[in-house]
1. Could you check Y496 against (1) at pLDDT 80 or above; (2) of a type in the set (F, W, Y); (3) under 30 Å from S289 (Cα atoms) and say which number it fails?
2. Looking at segment 356-377 only, could you name the residues that are at pLDDT below 80 and among the hydrophobic types (A, V, I, L, M, F, W, C)?
3. Is it true that some residue in segment 48-59 is on the phi > 0 side of the Ramachandran plot, at pLDDT below 80 and not in a helix (DSSP H, G or I)?
4. Where residues in segment 639-675 are surrounded by 20 or more Cβ atoms within 10 Å (Cβ to Cβ) and among the aliphatic types (A, V, I, L, M), which of them is modelled with the highest pLDDT?
5. Condition (residue is surrounded by fewer than 20 Cβ atoms within 10 Å (Cβ to Cβ), at pLDDT 85 or above and farther than 21 Å from S289 by Cα) applied to segment 170-180: is it met by at least one residue?
6. Going residue by residue through segment 607-625, is there one that turns out to be aromatic (F, W, Y), within 18 Å of the chain's Cα centre (by Cα) and surrounded by fewer than 21 Cβ atoms within 10 Å (Cβ to Cβ)?
7. Can you name the helices (runs of 4 or more DSSP H) wholly within segment 380-493 that have at least 1 residues being at pLDDT 85 or above and in contact with a strand residue (DSSP E or B) (Cβ under 8 Å, 6 or more places away or on another chain)?
8. For residues in segment 405-440 being free of Cβ contacts under 8 Å to residues at least 60 places away in the same chain and touching a Ser or Thr at 6+ places or on another chain (Cβ under 8 Å), which is farthest from H365 (Cα to Cα)?
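The values are calculated or read from the model by the stated rules, or taken from the named source; none is laboratory data. What you are looking at is a predicted structure, and each value in this text was computed from that prediction instead of being measured. A quick note on method: Cβ atoms are made from the backbone with ideal geometry, for glycine too, and the neighbour counts reach across all protein chains shown.
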Amino acid sequence: MKRLLFLRLAATGLARNRQMSLPFFFTAAGMVGVQYLFRYLQAAPAVEGVYGAPAVRSLMAIGANVLAFFSLLFLFYTHSFLMRRRKKEFGLYHALGMGKRHLGIILAWETLLLGAGSIAAGLVPGMLLAKLAELGLVRLAGGPVDYGLHVDLPAALATAAVFGGIFVLLLAGGLRQILFARSLALLQGEAKGEKPPRANYLLGGLGVLTLAGAYCIAVLCTNPADSLALFFPAAALVTAGSYLLLMAGSVALCRLLQKKKGYYYRRAHFVSVGFMSWRMKRNGAGLASICLLSTMVLVMLSGAASLYFGVEEAAKTRCPREMCLTFTAEQPGELTDQNRQALAELVQRETAACGGAAAEVWSYHSLQIAGVVKEGRVMTDRQGMDEALTFSQIWQFVFLDLQEYNRLYGAAESLPAGQALLCLPQGCEWPQSQIAFAGGGSLPVARLGAAPTLSEFTVTAFPTAVVAVHDLSEAARVLSPLKGQEGQLVVEQWDYAFNTGLSDAAQKPLYDRLCAALAGKVTAGRYGRYSLSCENRAVWRGESLSLFGGVLYLALLLSLVFLCGTVLIVYYKQLSEGYEDQSRFGILQQVGMTDREIRKSVNSQLLTVFFLPLALATLHLGFAFPMVRRVLRLFGLHQAGLYALITLGCLVAFGLFYLLVYRLTSNVYYRLAVRGGRPS
């Protein structure tokens, strides 16, 4: 009978506090459903039919892990709001003679009801919507549609285990707060007095400096590979800076506003600034969380959507012709004119056998080497490469003979024997009068040419310099001493690209046939010894569509969860602050403040606090824009206009959504704080 009493008290407590418990319940259920969808899609049979199925499965596994970690943090944060509301009730039970062990039993029943209910409420719709989610992923990834229905029991059990563990941790945290709290502290609950917040200008200034450092990294890092490597350190700085700025700096800002008597002693500002300064220290973490969640949603959606909708342009950048073959010689000198001609004839025969013809042929023969430019010399040994601090210090040198250069660029350049024409990437400079390789030879630079514009030289993480010489034998003479260096590789390469005249579907058999005919190593003789890299635009587009579709789908699901988290944090903030401010606004009404003046003060306060995270998130997005754009270049997306348009669209859509949330939650705050819970 006693156990049933505790169960009834737990159920009654949740029902009485449904303004707090129901949003928590439905949010937890939604996270359970999305977790099941990730795990279901990770093993869904239909995913096998898309290009790059292993990559898609890996993305879904990453999504499940990220969501589990976020759910743990977010549910802990929102559960603290529930505990603050329940402490007074638990304190009353304790004052009436109930022991803390009994309070723990009530809390355990509440956690069981919330946990079991939300897991069941999330899994059932998750299972029902799993096929719809699978069809959406397959549609984005460009795979075949399978309308078969099935339930993934291992995915359901894994999801239940993850969230069961989260609710056990929530129970442990709640028990710690009850068992180690004094009776008076429980009775005071959320009404417990606070010390007046002190402005910490040091931490606020540190937050500004931290954000400035992150912004400098985002703007000043110009190399795409460096941008990718520094993205997460910059994100960590933004996270730390946002929390410091909104937790310490916001209090300092309120204190400065209070010192400005002309601003502070006005009816519209006196109450709003006073209330804000009192709660900013405690609620700064919530505002920072809203800001960072908003930033993550905007960055994820804009980047993923740009990749997906820019896949056609990326495919053309990656594969300038429908079929692109790269032959790399085992030993320089083996890709002779005769061998290259024989390989070209073999490729043309295989293409004709599939019903196509090699047209618009684009080819070049080159020597290539990578090195670190240091003190006017190119360091190509392992030690020199290891000393590179960033990718921008590593250069790729592509040597072409002058005849090849003129043919590729449509130029009519001439060079004295033994000298070089150096073409640098845009924004790069070469202050030396020669190209000197440490441990090798050197070439005098006759003059600088135009920056290479051919996509074959730009799809790389390193700055690429094209060096035209009178004859490739001159480049071989300069580079030949480097072949013995540890870890060094002088590459002789022949690129051969052409259009086939075949449909995308017919190109796949030709791609497979060429890979089979030219696979592996060819023994010495007719063709020489080489290794082959073969890419087909249609195949690459299909694989990229699958990968980028999976990335977009992952971003959409995670953004949905982050949006729900943002809404719930905002709702709980408005709800808890509304309860806190009831007595304060009651006093203001008693001393003669009208409803209109109170409403104006409330709007001033809410607008400042509510839109501060959005303004800071917009600032983060603006500084992240050049860094993300450079990262997208690594995937072949060079359309800055497309990324800018998608980013602006995401920002406008999110702003409208945020405004809607503000309108709904501000009414909740006004009804509780000013009207004592009565309808307005």
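1. The single condition Y496 does not satisfy is (3).
2. Residue satisfying the conditions is V373 alone.
3. The answer is yes; a qualifying residue exists.
4. I646
5. Checked segment 170-180: at least one residue is surrounded by fewer than 20 Cβ atoms within 10 Å (Cβ to Cβ), at pLDDT 85 or above and farther than 21 Å from S289 by Cα.
6. yes
7. Once the helices (runs of 4 or more DSSP H) in segment 380-493 are filtered for at least 1 residues that are at pLDDT 85 or above and in contact with a strand residue (DSSP E or B) (Cβ under 8 Å, 6 or more places away or on another chain), what remains is 402-409, 472-479.
8. It comes out as G439.
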